[in-house]
1. Being under 30 Å from residue 367 (Cβ atoms), at pLDDT 75 or above and not in a helix (DSSP H, G or I), is that true of even one residue in segment 424-437?
2. Need at least 1 residues that are of a type in the set (Gly, Ala, Ser) per element, so show me which helices (runs of 4 or more DSSP H) inside segment 549-649 make the cut, counting only ones lying wholly within it.
3. Which residue, of 632, 592, 551, is hydrophobic (A, V, I, L, M, F, W, C), in contact with a strand residue (DSSP E or B) (Cβ under 7 Å, 6 or more places away or on another chain), assigned by TED's automatic domain parsing to the domain that holds residue 670 and buried (at least 18 other Cβ atoms within 10 Å of the Cβ)?
4. Considering segment 40-64 alone, what residues qualify as being farther than 20 Å from residue 18 by Cα and within 35 Å of the chain's Cα centre (by Cα)?
5. Quick check on my filter: what residues within segment 209-223 are more than 15 Å from residue 240 (Cβ to Cβ) and in a strand (DSSP E or B)?
6. When residue 522 is evaluated against the numbered criteria (1) out of contact with any His (no Cβ under 8 Å at 6 or more places or on another chain); (2) surrounded by fewer than 21 Cβ atoms within 10 Å (Cβ to Cβ), which criterion, by number, is the only one it fails?
7. Just need a number here: residues in segment 53-66 that are among the hydrophobic types (A, V, I, L, M, F, W, C) and surrounded by fewer than 17 Cβ atoms within 10 Å (Cβ to Cβ).
8. What's the number of the condition residue 280 fails, among (1) over 30 Å from residue 501 (Cβ atoms); (2) of a type in the set (D, E, K, R); (3) modelled with pLDDT of 90 or more?
Amino acid sequence: MNGNLITKEQFDALYQNCLDFVFLMEKVSNEYLYVYINRVAEDVFDESPIGKSLSACLETEIVEMIVKYYNESIEKQQLLQYRDFYLFSDTERTNETTVTPIFYGGKQYILAVTKEISQQKVIEEKNLFLQSLFDMKMDPTIVLANDLTFFDGNPKFEQYFNCKIEDWKGRMFFDFHLVSPEDHESFTEHLQDALNGRGNPSVLYTHKKADGNDSQFLVSFSPITTNNQVVAIYIQWLELTKNIQLKEDLRQVNHMLNSYKGALNSAANICITDKNGIIKFVNERYAQSSQYSADELIGKSNKILNSRTQSSSFYEEMWKTLLNGQIWRGEICNHSKYGNRYWMDTTIVPIFSNYGEIESFLSVCFDVSDKKIMMTNLRNIEKTFRLITENTNDLIVITNDDGIIIYVSPNHIKQLGFEKDELLGRFYFDMMSDDSKELLKGEFSSTLLEKGDVQIDLQIKTKNGETFWTETYLTAVKDAERDEVFQYVSVAREITHRKKREDQLRFMAYHDSLTLLPNRRYLLMEFTKLVKEAIALDYAITLLYIDGDDFKKVNDDFGHDVGDDFIRNFGLALVASVRDLDIVSRIGGDEFIVVLTNMSKDQCTRKQQVKNTIKRIQQTLKDGWTINEQHFSPTSSIGIASFPENGQSIEDLLDKADEALYIAKKTKGKNSYHFSS
């Protein structure tokens with residue numbers, strides 16, 4: 001082989017028909033050069049990479065990951081495997097790469113074979129027992145047998161009501177004299193409803209606590225069923241003083257919002273109001289634009305800035321959008337302290353409490369007064385238009401009625417990299433990404449020709465192929481020479497950073513701040529879409545209600561910082577255990593929901609699919625992770641419910657899965673699961 005490891009003909013004979021990606025790389029200094037690749041791998045590259053380095057062909061972050069594993073394989077002189085995501089295309093997939101070091105003729109080579117993997121190997125599950133559910137409950141909780149005798153209770157019940165559960169097991173509940181005589185009849189009715197299989201909403205009762213003081217409790221009664229028979233009643237007391245904790249949660253939400261507010265403070269005009277429009281905060285830029293001081297604005301209604309330029313119906317539609325929990329975007333004409341009118345391009349985002357209620361509104365504003373003046377002048381005086389456009393930072397384009405560019409402002413050279421002559425005569429649509437091109441075509445036919453102007457966000461392509469976002473105002477104006485022929489004027493301003501901020505705000509609204517996983521609000525929003533797809537494609541959906549075992553002990557033993565890190569790792573473990581098309585969400589505390597899509601309609605087949613998934617989850621958790629040199633291998637309990645058998649809505653499935661979770665904990669113990677019947 002004349003000193004070469006392998007010839008091209010030999011490599012093709014071995015790998016040309018292989019369906020996996022095969023790369024033969026040579027290490028030269030600190031770089032890896034492509035020696036040969038097979039036919040499948042050739043389709044990944046726009047041009048042949050042979051003889052080129054990794055860094056010349058791939059993005060930096062991908063190169064750093066690959067080189068790390070290549071170096072490790074050579075240093076250890078052994079085969080290794082690693083997984084990479086979205087490495088070769090925009091299609092979501094998981095790849096597994098096998099790296100083999102080769103030493104030949106004083107040279108170092110790497111043979112890398114990359115294949116797509118659809119699921120992990122089935123692994124053995126290991127069953128452990130879960131200590132009593134009640135030990136983890138923060139509220140007084142008991143279980144009564146169907147003859148109304150004590151079956152079990154948690155330590156909080158003993159603490160609140162001075163009761164030793166062990167002494168009372170098997171004895172009648174009413175012999176304990178917790179319920180006052182005047183409430184006895186009502187309490188009995190709710191117990192009877194539960195025995196008949198009907199759960200009741202929380203009912204207000206007054207009980208005497210262990211310290212001798214009376215306190216009000218919301219008491220809930222839930223039937224526990226097996227084979228459609230009520231075998232016990234689950235009763236929980238929620239002391240009303242816990243409203244203090246709810247207020248503290250709201251303060252924490254405000255604290256998070258204030259932190260984010262600081263990040264935006266230097267870039268935009270920021271205003272925060274309560275849900276009634278009373279100003280709670282303005283930054284310095286906002287106060288300067290209004291010509292009021294911050295102290296003069298805070299505590300006042302935002303109507304103080306109303307210029308009455310826009311109609312009452314304009315504000316009615318704005319408030320209707322916001323109170324429906326949606327983001328509002330538009331231009332508002334304000335009135336300053338000294339009578340000056342100014343226009344603000346405004347995005348208003350509803351801020352929700354932990355309970356999904358609108359608490360306040362965050363306004364991110366940009367002063368567009370100059371732009372409004374410019375647009376007026378463009379429609380009336382061509383000479384003034386020329387003077388302004390030659391000296392503005394905005395991207396200004398004029399096209400004829402066919403969309404062919406007849407004028408571009410000079411700053412296209414700086415921002416897009418085009419010379420003026422390269423743009424004149426081209427179609428305006430050629431400057432845009434494919435998605436923006438289709439969007440603008442729709443606006444032309446539906447809005448621009450009818451109303452004469454339109455505001456739209458477009459993604460513009462530079463000469464080197466990069467893209468950036470612009471806020472674009474398009475106006476149809478009459479040609480100065482041909483009265484009946486229209487031209488189109490486009491005035492655009494880059495808003496790439498603002499788009500990112502809007503995406504961040506939207507992400508915050510639908511994701512858990514600790515784990516960055518989807519939250520309950522996201523599930524409620526997405527589930528209707530998942531059901532429509534399931535019906536159309538004739539498959540089922542399975543919901544796993546996952547409750548971590550002994551999470552409280554992690555906080556107690558190692559502190560809340562480690563506890564937070566523990567929760568994040570738990571979420572990552574769940575994501576690693578399911579498919580890309582499944583959804584992992586955190587709905588609070590140590591409770592997670594996994595939505596398994598594309599499940600078989602055949603119940604036996606689906607049950608095996610679910611068991612395989614749970615085995616992967618249990619093994620991943622068993623493998624565990626290390627935080628501050630402390631290794632954790634947690635377990636979890638899982639309740640399982642499926643659409644359509646166990647419910648038609650997400651609320652029904654959550655309830656059924658929660659009931660199944662309780663049965664799993666009660667009857668099977670730790671690291672167990674139970675299917676809803």
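The values are calculated or read from the model by the stated rules, or taken from the named source; none is laboratory data. The structure presented is a predicted model; accordingly, all values stated were derived computationally and were not measured. Cβ sites come from the backbone with ideal geometry, for glycine too, and all protein chains shown count toward neighbours.
1. Checked against the condition, which is being under 30 Å from residue 367 (Cβ atoms), at pLDDT 75 or above and not in a helix (DSSP H, G or I), segment 424-437 yields at least one hit.
2. By residue number, 560-577.
3. 592
4. 46, 54, 55, 56, 57, 58, 59, 60, 61, 62, 63, 64, listed by residue number.
5. Of segment 209-223, the ones more than 15 Å from residue 240 (Cβ to Cβ) are 210-212, 221-223.
Passing the criteria: 221, 222, 223.
6. Of everything listed in (1) out of contact with any His (no Cβ under 8 Å at 6 or more places or on another chain); (2) surrounded by fewer than 21 Cβ atoms within 10 Å (Cβ to Cβ), residue 522 misses just condition (1).
7. Count: 4.
8. With respect to (1) over 30 Å from residue 501 (Cβ atoms); (2) of a type in the set (D, E, K, R); (3) modelled with pLDDT of 90 or more, residue 280 is out only on (1).
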